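Some notes on the structure that comes next.
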Amino acid sequence: MTTRSEREKAQKLNEQHQAILSKLLREDDNKYCADCEAKGPRWASWNLGVFMCIRCAGIHRNLGVHISRVKSVNLDQWTPEQIQSMVDMGNTRARRLYEAHLPESFRRPQTDQYPPATSFSSHLFLFICSTGGKSPNPGLL
Ligand SMILES: [Zn+2]
């Protein structure tokens, strides 16, 4: 059982987290889905530190929680660690990190040529393979 003050504390923390997330979403880095570049992402993969649209969030869910941990920006509760991961990474850093592990011949697919899922998620897969299955680490940059 939680006391009233614990509930209030949790609610306050949640409001702080929401404020941080909406600030991050206003930054140019995060205004577009990391996968398909759809405008105004409302979902995120907190272990990868990227914001994405609802469609790509569904694709990430299908990748499994060992690769991508998806949360709604507005509808889910966040922990301080998850928030910190989003602050540390963000779409631009994440893309730079994953793309550094791609062969030079790789070209980001255009959304009108391929299903959007093939863009960032394929980068991700290549990255995960190249690191032997370990999660991307912001400290690598
Ligand atoms: Zn998307």
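For Ala34, the residues whose modelled amide H falls within less than 5 Å of its own, excluding neighbours fewer than 5 places apart on the same chain, are Phe51, Met52, Cys53.
Peptides 36-42, 89-95, 51-57, 18-24 ranked from most to least packed, by the mean per-residue count of other Cβ atoms within 10 Å: 51-57, 89-95, 36-42, 18-24. Sorting the Cα pairs of the stretch 1-87 by distance into bins of 5 Å, from 0 upward, gives 3, 15, 25, 24, 15, 9, 6, 3, 1 percent per bin.
Available extension along the chain between Ile20 and Ser5 is 3.1 nm, counting 0.36 nm per residue and deducting the alpha carbon span. Cα-Cα pairs above 15 Å in the stretch 1-47: how many percent? When every Cα pair of the stretch 1-47 is considered, 56 percent fall beyond 15 Å.
Straight Cα distances below 28 angstrom link Lys39 to the lysines Lys23, Lys31, Lys71, with same-chain residues fewer than 8 positions distant left out.
Read-outs: derived from the displayed coordinates by stated rules, not from any lab. Just so it is clear, the model here is predicted, and its values are computed rather than measured. All Cβ positions, glycine included, derive from the backbone under ideal geometry; neighbour counts span all protein chains shown.
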